[in-house]
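Notes to accompany the following structure.
The values are calculated or read from the model by the stated rules, or taken from the named source; none is laboratory data. None of the values given here were measured: they were computed from a predicted structure. We place every Cβ from the backbone using ideal geometry, glycine too, and count neighbours over all the protein chains shown. Accessible surface areas use protein heavy atoms only, side chains included; no ligands, DNA or RNA. Shrake-Rupley method; radii C 1.70, N 1.55, O 1.52, S 1.80 Å.
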Amino acid sequence: MTYEGARQALAAPRRWQTMEFDFWLAILAAYALLPERSLLLNETAILGLFALSLDLVLGIAGIVSLGHAAFFGLGAYTAGLIGKLGLTEPILGLLIAGLAAGALGFATSFLVLRGSDLTRLMVTLSVSLVMLELANRLTTLTGGADGLQGIVIGAVLGTFEFDMFGRVAAAYSLIILFLLFLLARWLVNAPFGLAVQAIASNPLRSAAIGIPITRRLIAIYSIAAAIAGIAGALLAQTTQFVSLDVLAFHRSAEVMLVLVIGGTGYLYGGLVGAVLFKLLQDQLSDLTPQYWQFWLGLIFVALVVIGRERVFGFPQAVWRRIRGGV
Amino acid sequence: MLTILVDGLAYGMLLFVLACGLSVTLGVMNFINLAHGAFAMAGGYVAVVLVNGYGVPFLLALPLAALAAGLLGIALEQTLYVHVYRRTHLDQVLFSIGLVFIAMAVVDYTQGSQQQFLNLPAFLKVRLDLGVVSVGAYRLLIIVVCGALALALQAILARTRFGARLRASVDDPIAARGLGINVNAIFAITFGVGSALAGLGGALGAEILGLDPSFPLKFMVYFLIVVTAGGAAGMTGPFLAAILLGVADVAGKYYFPSIGAFIIYTLVIALLVWRPNGLFAAASGR
Amino acid sequence: MTYALETRLLQRRFGGLIATSDVSFTLPVGGRYALIGPNGAGKTTLINLLTGVLRPSSGTILLNGVDITARRPDHRVAAGLVRTFQINQLFPKLTPLQSVALATARRMGLDGALRQRLDANQAVVQQSMEVLERFGLMDVMAQPVATLAYGRQRLLEIALAVACGPKVLLLDEPAAGVPEAEREGILTGLAALPRDIAVLMIEHDMDLVFRFAEHILVLAAGAILTQGSPAQISADPKVREVYLGHS
């Protein structure tokens, strides 16, 4: 192969594929053609963003986390609180919430880097439980079990007032999702992203070729935490309510399922998973609203026992063929 | 002060009986089983139904609860778990969380979401004066039963042929297989026994642990702490870890009621950072 | 005289056990050395000491005359001390080109870059291709590493280390697991190593050692038993005794 061949082979992963355009066009179409489902679309976008952030941690960096809700929840409470305190500009709120969650991610990344999958699980889980306990106890700040109420959020860019049908909310969340997706895609395809994927694939060799593993993982974990925080902030702003639920264990577990349904490590997994998950939830909740958890558990178990590769192997093979075929 | 120590001791020993099965699962198969608490919950509910519903004597309900949880454990091990042993840790986590969710929903559906209270027999409600400290008969029973179980487990591990094979399988599963030890069978039996012990612990401790459908989630962290802090080798590490955790938790909740829960999680984080391989793990290989 | 690699009285104890005992040797620039020794002689401990995974109990390690005894493993790599592994340690999901380009980028300090793109960097692409070409991996450079034949993976194992721009290369049993018929390929790859790289090869295969090395160090019970040219070593009765006594 020639120099040009090698250059193109290296550039291939970051080239936009037709399917990617189709995906985003389909989302645009959903927004335009299904105005009555705007609220659902908003929830899906937020869940997708949350799952995208987990993909950076789990799919790209290979860190199994059971407490990703800590960042989502911190972002939600931060955005809610500053909205309540009078700083109602939504974009600014997102930034502050992202910074807060990113800072927590940075602080806890040092704990997560050490040890095996099991210790990582326990540390991430413990961090999220501490956050939940904090939110539960600091009732003057968070409203405790009653939730944070009285959040005021201004118009987006001073022009677009949030409406009760969720039209503005859905557009707002989708645009933020798209922008942060671009950021994630850019990060992953940069040399930095390649280094992080190498670390996930083989930490021993990564160290042996001189990659500073700790620094790279701290960076990706903090960035992912910030994105999760922004997802939480979107939820707080568009629903103007925050409850302890944002920090609950089942939220960390659910986002894991969302990502796994869509497939890990190629960034679209979280988004595809969010769409499938919300559709499924819509159907199953109608069936037996209070026992949604049962179906959730059943999906988890079936997925693993049958084999994730077998269930999702087909769509992913199609995707790879399209991606790699150029 | 002494009362807290005794309460903590009872709580810690209970945690040991609940969690010791998990340490074998983790040690032998390197399997992260987050659903271990579901077996304890099963034992607890079996005891509640038997005692409260059918008037079975409490002391008879205990072995029945253990039996039920053990059978459930073996059944699930043979049908589901065997497919998942060789999977990635992510798969194991997803799978066992799924089991937890199913267990919680099933219990919620059949028994309701409220906390269950076991009708303890009258002789367990008295307090015994032991000179320096007065102890509830119920807690004394817990200490005696769990202490006896711990000793029995230690003896089985140290003295019997089965124990030797189990220890070999924990130390080096590959080498053990090479020596002709049927690691799978050993594991199935230990899984059953571990589940039975969890079930017994769930039944025995129903009153102090608080039994409701969220039980497996609530105690997931505690079990994991016992196992990781204690290390997977042998029973002594997990036992000491469980006692420490029990005393720390009871004391924390008594002296600092507003921040009691933080103490435990903060301890966990600090511990895992300090000794990622367990508190009592031998400093081998370094 | 400055050597590419030099150790002085390197010692490592584990409790009461001495795993490495007063090991002193010099590896000249561009040297082709081999380290042999029976199982349990302390070869792995020595590699871990050299790469910085383990700290010596006493003694010094010099790289091009600079004391690196206290340096972190990644700093040693940056300073030019790079190793390969006895069991392939590759990136199964990446392609050989991506793997080598990443190592090259790391050497240039670009592995944390965000705005740079590797394909837009002429030096990275050019030098990655040179390394791949040297080891005959051009035809498979865009396939996932996991799909490569074992012999090719073994070569990539070395290529990846060469891409780091080493001054000293530690080869840990480069022919491990390679079937007899494919050994020539490994030898060709070793012959293709740039002459300015000093190589210390740890190997069991005596045939490979005698064909590759100009100087052989024999390690036994943690200490250097003897050293010399291949002819001297093969005639040395002490070496025979150590090997025959253990096999």
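Residues that are among the hydrophobic types (A, V, I, L, M, F, W, C) and within 26 Å of C:Ala105 (Cα to Cα), at least 2 per element: which strands (runs of 3 or more DSSP E) completely within the range C:121-225 meet that?
By residue number, C:168-172, C:198-202.
Just one of the numbered conditions (1) at pLDDT below 90; (2) open to solvent by less than 10 Å² (accessible area, probe 1.4 Å); (3) under 19 Å from B:Ala261 (Cα atoms) is not true of A:Ser128; which one?
Single failed check for A:Ser128: (1).
Taking B:Leu118, is it at pLDDT below 90 and crowded, with 18+ Cβ neighbours inside 10 Å?
Against the criterion (at pLDDT below 90 and crowded, with 18+ Cβ neighbours inside 10 Å), B:Leu118 qualifies.
Pairs, please: C-beta under 7 Å, at least 6 apart or cross-chain, first residue in contact (Cβ under 8 Å) with a residue 40 or more places away in the chain and in the range B:64-76, second open to solvent by 50 Å² or more (accessible area, probe 1.4 Å) and part of a helix (DSSP H, G or I)?
Within 7 Å, the pairs are B:Gly70/B:Val193.
Is the range C:184-194 home to any residue that is within 30 Å of A:Ala190 (Cβ to Cβ) and surrounded by fewer than 23 Cβ atoms within 10 Å (Cβ to Cβ)?
Within the range C:184-194, one or more residues are within 30 Å of A:Ala190 (Cβ to Cβ) and surrounded by fewer than 23 Cβ atoms within 10 Å (Cβ to Cβ).
Considering C:Leu190, C:Leu160, C:Leu170, C:Leu156, which residue is away from chain A (no Cβ under 14 Å) and aliphatic (A, V, I, L, M)?
So the residue among C:Leu190, C:Leu160, C:Leu170, C:Leu156 that is away from chain A (no Cβ under 14 Å) and aliphatic (A, V, I, L, M) is C:Leu190.
With A:Val152, A:Val156 as the choices, which residue is away from chain C (no Cβ under 14 Å), in contact with a Pro (Cβ under 8 Å, 6 or more places away or on another chain) and either β-branched (Val, Ile, Thr) or closer than 21 Å to A:Leu87 by Cα (or both)?
Only one candidate qualifies: A:Val156.
Quick check on C:Leu9: is it in contact (Cβ under 8 Å) with a residue 12 or more places away in the chain and on the phi > 0 side of the Ramachandran plot?
In short, yes.
Out of everything in the range C:95-136 that is more than 8 Å from every other protein chain (Cβ to nearest Cβ) and among the polar types (S, T, N, Q), what residue ends up being least open to solvent (accessible area, probe 1.4 Å)?
The qualifying residue least open to solvent (accessible area, probe 1.4 Å) is C:Thr104.
Condition check ((1) within 17 Å of the chain's Cα centre (by Cα); (2) basic (Lys, Arg); (3) in a helix (DSSP H, G or I)) across all residues:
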| position | (1), (2), (3) |
| --- | --- |
| B:Gly163 | no, no, yes |
| B:Ala168 | no, no, yes |
| B:Ile174 | no, no, yes |
| B:Arg177 | no, yes, yes |
| B:Ala185 | no, no, yes |
| B:Ile189 | yes, no, yes |
| B:Ser195 | yes, no, yes |
| B:Gly202 | yes, no, yes |
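B:Asp91 is checked against (1) farther than 27 Å from B:Ile32 by Cβ; (2) within 14 Å of chain A (Cβ to nearest Cβ); (3) crowded, with 18+ Cβ neighbours inside 10 Å and fails just one. What number does that condition carry?
(1)
Could you figure out which of (1) at the interface with chain A (Cβ under 9 Å from one of its Cβ atoms); (2) modelled with pLDDT of 90 or more isn't true of B:Val84?
Failed condition: (2).
Look through the range B:194-209, keep the residues that are open to solvent by 20 Å² or more (accessible area, probe 1.4 Å) and modelled with pLDDT under 90, and return whichever of them is farthest from B:Ala10 (Cα to Cα).
Residue satisfying both the conditions and the ranking: B:Glu207.
Across the range A:61-120, which residue is surrounded by the most Cβ atoms within 10 Å (Cβ to Cβ) among those that are more than 30 Å from B:Thr228 (Cα to Cα) and of a type in the set (D, E, K, R)?
A:Lys84
State the number of residues belonging to the range B:30-55 that are open to solvent by 30 Å² or more (accessible area, probe 1.4 Å) and either of a type in the set (A, V, I, L, M) or not in a helix (DSSP H, G or I) (or both).
Here the count works out to 5.
Of all the residues that make up the range B:121-164, how many are closer than 18 Å to B:Leu60 by Cα, among the hydroxyl-bearing types (Ser, Thr, Tyr) and open to solvent by 50 Å² or more (accessible area, probe 1.4 Å)?
0
For the range B:168-183, give me each residue that is open to solvent by 60 Å² or more (accessible area, probe 1.4 Å) and touching a residue at least 60 places away in the same chain (Cβ under 8 Å).
B:Asp171
Name the pairs: first residue in the range C:179-198 and closer than 24 Å to C:Leu63 by Cβ, second residue open to solvent by 60 Å² or more (accessible area, probe 1.4 Å) and not in a helix (DSSP H, G or I), Cβ to Cβ under 6 Å, at least 6 apart or on different chains?
C:Ala198/C:Val29
Would you tally the residues in the range B:1-29 being among the hydrophobic types (A, V, I, L, M, F, W, C), open to solvent by 10 Å² or more (accessible area, probe 1.4 Å) and under 24 Å from B:Ser169 (Cα atoms)?
3
Which residues, counting only those in the range A:107-120, are more than 7 Å from every other protein chain (Cβ to nearest Cβ) and in contact with a Leu (Cβ under 6 Å, 6 or more places away or on another chain)?
The answer is A:Leu113, and nothing else.
Only residues in the range A:233-247 that are open to solvent by 40 Å² or more (accessible area, probe 1.4 Å) count as the first member; pair them with residues that are not in a helix (DSSP H, G or I), Cβ under 8 angstrom, at least 6 apart or cross-chain, and list the lot.
From residues that are open to solvent by 40 Å² or more (accessible area, probe 1.4 Å), the pairs are A:Gln240/A:Ile151; A:Gln240/A:Val152; A:Gln240/A:Ile153; A:Gln240/A:Phe162; A:Phe241/A:Gly147; A:Phe241/A:Leu148; A:Phe241/A:Gln149; A:Phe241/A:Ile151.
Do you know which residues across the range A:112-140 are among the polar types (S, T, N, Q) and assigned to a helix (DSSP H, G or I)?
A:Thr119, A:Thr124, A:Ser126, A:Ser128, A:Asn136, A:Thr139, A:Thr140
For the range B:25-32, indicate whether the set of residues that are within 14 Å of chain A (Cβ to nearest Cβ) and at pLDDT 90 or above is non-empty.
no
Would you please list the contacts, defined by Cβ atoms under 6 Å and residues six or more apart or on different chains, that run from a residue in the range C:82-111 that is under 21 Å from A:Arg215 (Cβ atoms) and β-branched (Val, Ile, Thr) to a residue that is open to solvent by less than 10 Å² (accessible area, probe 1.4 Å) and part of a helix (DSSP H, G or I)?
What qualifies is C:Val82/C:Ala161; C:Thr104/C:Val124; C:Thr104/C:Ser128; C:Thr104/C:Ala163.
If B:Gly73 passes every condition in (1) within 14 Å of chain A (Cβ to nearest Cβ); (2) outside any loop (DSSP other than H, G, I, E, B); (3) within 26 Å of B:Lys218 (Cα to Cα) but one, which one does it miss?
Of everything listed in (1) within 14 Å of chain A (Cβ to nearest Cβ); (2) outside any loop (DSSP other than H, G, I, E, B); (3) within 26 Å of B:Lys218 (Cα to Cα), B:Gly73 misses just condition (1).
Give the range A:187-212 a look and list any residue that's free of Cβ contacts under 8 Å to residues at least 12 places away in the same chain and farther than 25 Å from C:Val53 by Cβ, or say none.
Result: A:Ala190, A:Pro191.
Please report, ordered by residue number, the helices (runs of 4 or more DSSP H) entirely within the range A:173-279 with at least 3 residues that are on the phi < 0 side of the Ramachandran plot, touching a Lys or Arg at 6+ places or on another chain (Cβ under 8 Å) and not hydroxyl-bearing (Ser, Thr, Tyr).
Qualifying helices (runs of 4 or more DSSP H): A:191-201.
How many residues does the range B:228-260 hold that are closer than 25 Å to A:Thr108 by Cβ and at pLDDT 70 or above?
So the count comes out to 13.
Show me the strands (runs of 3 or more DSSP E) found entirely inside the range C:1-97 where at least 3 residues are modelled with pLDDT under 90.
Correct list: C:5-14, C:17-27.
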